[in-house]
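Beneath this line is the structure, given in structure tokens, with notes to follow.
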Amino acid sequence: SVYYCSVSCQRAHWKRSHKKACRPNPYPSLYQFDVGISQFRSLPANAFEGHEFLVINPTEKLPSLKSICEECLESADDIFDSVPGFGKDQLDPLWTYQNNMTHPVAKSLQNHFGWTSGIHGVEVMTGYRLAEDHVVYRVMFDDDFLSRRDLDASYYGDACFDWVRENRHVRGKIVIFKQMLTKKQREPVQAPPEARITIAVADDADICFDYELYPVTKAEVAHILQERMTAIEQGKYTRRQWRSKIRQEELMAESGFSL
């Protein structure tokens, strides 16, 4: 579902792009969550502790939420405590955009997490959108992990992106964190002409906002990763994955590409 600021905006969205990307009832393609409270009761108390940053370590498929919490996820709070720009509650913009990757601290992060390409990326987790959500998960990763055969394959890292559906897999460690967005507004994007085509298909490029780091638990991340990978294995989509698919088709339609 989408929240519009007015009826006129809803009509404009329909005419501009959604009319071309609209689909019949998607329920046959949607994954029906099958999670019981008993799964969470089996988790240790520390799985519900809040963290600012968690690492998704490369693993194969694991049998339970508990094993994901214990074998795949680990806190990275101490790693970022001494990093300039990462305060207790605030995340400096220069660390959420890819414009400061040659900074010595950035290089130390790359070395710590084993990101060997020399540059790391920061993106919103697939299914979340700055324009539509008040809370989003973001992920930090080796920017060239798809081709880094020296990095271990990450089964649950695949849940953070759409590439697995194209038989391309995530490699290396992924850092995940959660942000609460406030004071969102759109501002014109200043970019060189050669970047316009990229901006045209990146609908959140002109969104400006304030944000705070929001506590994230191993239990919630393990649940998200498990359910997303189950949906992918069944050839289905979670609701957020489906929304992401439709939004991409809308953006292509707006940019003049054929669907």
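Every read-out reported here was derived from the displayed coordinates using simple, explicitly stated rules and does not represent laboratory data. Just so it is clear, the structure is predicted and the values come from calculations on it, not from any experiment. FYI the Cβ positions are ideal-geometry reconstructions off the backbone, even for glycines, and counts take in every protein chain you see.
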Full extension between residue 166 and residue 45 adds, at 0.36 nm per residue less the Cα distance, a length in nm of 39.8 nm
Loop-resident trypsin sites (Lys or Arg not before Pro) in segment 106-163 with no more than 14 other Cβ atoms inside 10 Å, DSSP not H/G/I/E/B, are 149
Counting only residues 5 or more apart in sequence or on a different chain, those whose built amide H sits under 5 Å from that of residue 170 are 154, 158
For residue 56, other-chain or 5+-apart residues with amide H closer than 5 Å (H placed, Pro excluded) are 174, 175, 176
Under the 7 Å Cα-to-Cβ spin-label approximation, residue 183 and residue 150 lie apart by a distance in nanometres of 4.2
With label points set 7 Å from each Cα along the Cα-to-Cβ direction at residue 207 and residue 79, the distance between them in nm comes to 2.5
